[in-house]
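Undergrad: The structure's right below; bear with me while I get my questions together.
The values are calculated or read from the model by the stated rules, or taken from the named source; none is laboratory data. What you see is a predicted model, and the numbers here were worked out from it, not measured in a lab. Don't worry about glycine lacking a Cβ; one is built from the backbone with ideal geometry, like all the others, and counts go over all protein chains shown.
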Amino acid sequence: MAKDNRRERLIYCRKAAGLTQQQAADALGWTRESIAKLEGGNGGLTETKRNQLAKLYGFASWQLLESAPLLTQQELKVVRLLQSLDQKKVEAVELLLEQLAGPPSQKE
């Protein structure tokens with residue numbers, strides 16, 4: 001994994017969660033320096049650490065990998081909103097989106 005890309009992803013995910021390095025460290029029982037090292041590409045990002053960070057930041061662990069797509073702030077907001085809904089509300093949202101999209105277009 002390229003250090004620059006990992007650095008950008010870790011910082012993006014932390015900031016998307018609305019956390020400072022210190023807040024993230026406190027939530028995980030780590031030091032701020034350990035978060036800074038990970039974000040700098042020098043902290044040994046193990047699978048366990050990646051999973052802990054992803055959970056805290058509200059991302060899937062795979063999204064912290066170099067080749068994984070990241071969401072825009074607006075997309076992330078929608079995902080978090082959907083995650084907060086119960087199953088009946090999710091189904092209602094899906095139905096609404098289908099109705100808004102209309103029938104599938106037929107290509108000639």
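Undergrad: Within the range 66-93, track down each residue that is within 17 Å of N5 (Cβ to Cβ) and surrounded by 14 or more Cβ atoms within 10 Å (Cβ to Cβ).
TA: Scanning the range 66-93 gives L70, L71.
Undergrad: Moving on. On the given criteria, is L19 surrounded by fewer than 17 Cβ atoms within 10 Å (Cβ to Cβ), among the aliphatic types (A, V, I, L, M) and on the phi < 0 side of the Ramachandran plot?
TA: no
Undergrad: Q63: loosely packed, with under 11 Cβ neighbours inside 10 Å, within 30 Å of E39 (Cα to Cα) and modelled with pLDDT under 85, yes or no?
TA: Working: loosely packed, with under 11 Cβ neighbours inside 10 Å: no; within 30 Å of E39 (Cα to Cα): yes; modelled with pLDDT under 85: yes.
No; evaluated as a whole, the condition is false for this residue.
Undergrad: Look at L56 and say whether it is at pLDDT 90 or above and closer than 20 Å to W30 by Cα.
TA: So L56 passes the test.
Undergrad: Continuing with this model, one more query. Go through the range 1-89 and tell me which helices (runs of 4 or more DSSP H), entirely inside it, have 3 or more residues that are touching a residue at least 60 places away in the same chain (Cβ under 8 Å).
TA: Qualifying helices (runs of 4 or more DSSP H): 3-16.
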